[in-house]
1. Evaluate the range 274-281: report whether one residue or more is modelled with pLDDT of 85 or more and either assigned to a loop (DSSP other than H, G, I, E, B) or assigned by TED's automatic domain parsing to the domain that holds R93 (or both).
2. In this structure, is Y127 at pLDDT 60 or above and surrounded by 16 or more Cβ atoms within 10 Å (Cβ to Cβ)?
3. Working only within the range 261-294, note down all residues that are within 17 Å of the chain's Cα centre (by Cα), under 20 Å from L333 (Cβ atoms) and touching a residue at least 60 places away in the same chain (Cβ under 8 Å).
4. Could you figure out which of (1) modelled with pLDDT under 70; (2) surrounded by 14 or more Cβ atoms within 10 Å (Cβ to Cβ) isn't true of R359?
5. Identify, by number, the condition in (1) over 16 Å from G239 (Cβ atoms); (2) crowded, with 21+ Cβ neighbours inside 10 Å; (3) among the polar types (S, T, N, Q) that S315 doesn't meet.
6. When you scan the range 282-307, how many residues do you find that are hydrophobic (A, V, I, L, M, F, W, C), touching a Cys at 6+ places or on another chain (Cβ under 9 Å) and in a loop (DSSP other than H, G, I, E, B)?
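The values are calculated or read from the model by the stated rules, or taken from the named source; none is laboratory data. Computed from a predicted model, the values in this text were never measured in an experiment. Because the Cβ atoms are built from the backbone with ideal geometry, glycine has one as well, and the counts that use them run over all protein chains shown.
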Amino acid sequence: MLKDTLYPFLFSRNQQSDYKIVLGPHFIWDEDLLHVIADTIGEEEPTAKGQVIHRQLRKNRIGNLMLIFRVVYAVCKDISMLSNEYLRDSQGRKILHAEGFIVKSKKLDVDSQELLNDYFHNISMKYYKKFWELGTIKKYATPKDLGMHDFEGGKITNSSNKLGGILNLLYDLFLSFLGIIKSVIFYLRHWISSIKLLGKSKKSKYPLSSLVSKPSRKSTVGTAIVNLLGYKHLIVLEGFVKKFQKHYGDNPNKLIFLMMKFPDSKNTSRTDLILRDMYNTIKKIGENFDLQVIRSDEFSATPVTWDNAKVHAISCSYGIAILGCEHSDELNLKIAMEASYMEGLGKQVLLLIEEDLIRKHSVYIQGHTYDSFSWENRRLRKSIEESITKWLRSLHIPKV
C-alpha cells in the first residue's frame, strides 16, 4: 500500500487545543493509529541539533511502519512572524513540534535530517500556521495532495540532481521571503490605521486611549517616554487588547496585573511551593476587594512574550510587581521593566520588594509606590496581605 513513499506528519498544539496530529495521511485515522503515534512521540524531549528519532510501529494492519522525526520548540517564525521567541500555550508553557515522516521501509537512502531541516519542515509549517489561526487539521491521501515532490524507493525522484537541489533552495528562500513580507504587511497595516485615526483629529479617540491614565505621581523615565510618544505606538496592540477583553472582560478597574517569577506547575520544589502560595495569597486578597488577579502566563493575547505583557499592562488598571532574588537566579529585570512600562501608562503599581533589596537599592525606588516583604514562611503571607490591603485602601477601593 505505502511502498517506500514518505508521508509527512506534524504532532503539535496551539494556544487553545491539546496536542494532536495537525498534519498526516488518511491511513493514520483509518487504521486507528492516532493513539499509537501519540503515545510513541508524546514522551519525547526536544532532540539535539542534527539528530532525528526512529521508532517502529509494528502492531497495525498495514505492516511495519517507521516514524522518523525530531522534536523542537515552536517559535514565532513558524507562524510567519519575524521574532524567534517561543510560542506558548494558554498556561505560558513552551509548545513543542514533533515533525517528520512515516515510511514503510527498514532502510532509507535519503538524509533524514536534511529532509526535516528543509523540505518537510516548510511543508509542515505551512499547515501549522493554518492550525494556529483556525484550529484546522490537514488529512491527505498522498504527498501529491500537498503539492510535494514524489518520494519512491526512499529516493526523491525529481530532486536527486543538482537542478533539484537548487530548486529546493530557491523554494526555501521564497518561503522565508514570503514570511518576512507577511510580517511587514501585518505591522504596516496597524501603523497605517493609526495614521488615519490620528489624522481625523488632534485628539486621538481610538479605543486604547481610554485604557491609558494621566500620570498622577512623580514623573519617571517611563512616564516621560510615553508622554513624548503620545501613546501613538500603542495602536499596533489594539487587536490583541480586544482579544484580552474578550477573555477577561472590558473593565480594567476590576483587574490587577501580577508581575512575578512564574512557579513551575509540575515542580514541587520549595521555591515553587512558596511562589504558588504567594500567588494564591495575592489572588485571595484581590477577591476580598472584588478584583481579579491575573498573570501573563495564564492567557496569551499574542505569542510574543513582551507584547503579551504590554497588553496585560494596558488592559489592567492596577499592577503588583514582586521584586526579589532569594527565589530567583537573579533580580528579575523583566519584572522591573513591566512595572516601569505600566507606571509609564499612568496605572497604579505597587512594588513589593524583598527587605534586603530595599537596603541595597533604596536609591532606585525613590518616587515609586513600594513596600517590603519577607520570604520567611511565618511572615510572608502576613507582610504581603498587610502591604496590599493598605495600598488598595489608599486607592479608595472598598472591601466586599
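1. no
2. Values: at pLDDT 60 or above: yes; surrounded by 16 or more Cβ atoms within 10 Å (Cβ to Cβ): yes.
When the stated conditions are applied, Y127 passes them.
3. Listed by number, the residues that qualify are K261, F262.
4. (2)
5. The number of the failed condition is (1).
6. Total meeting the criteria: 1.
Conditions (1) modelled with pLDDT of 85 or more; (2) surrounded by 13 or more Cβ atoms within 10 Å (Cβ to Cβ); (3) under 30 Å from H247 (Cβ atoms); (4) not hydrophobic (A, V, I, L, M, F, W, C), marked per residue:
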residue	(1), (2), (3), (4)
M1	no, no, no, no
Q16	no, no, yes, yes
L23	yes, yes, yes, no
H35	no, no, no, yes
T40	no, yes, no, yes
G50	no, no, no, yes
N60	no, yes, no, yes
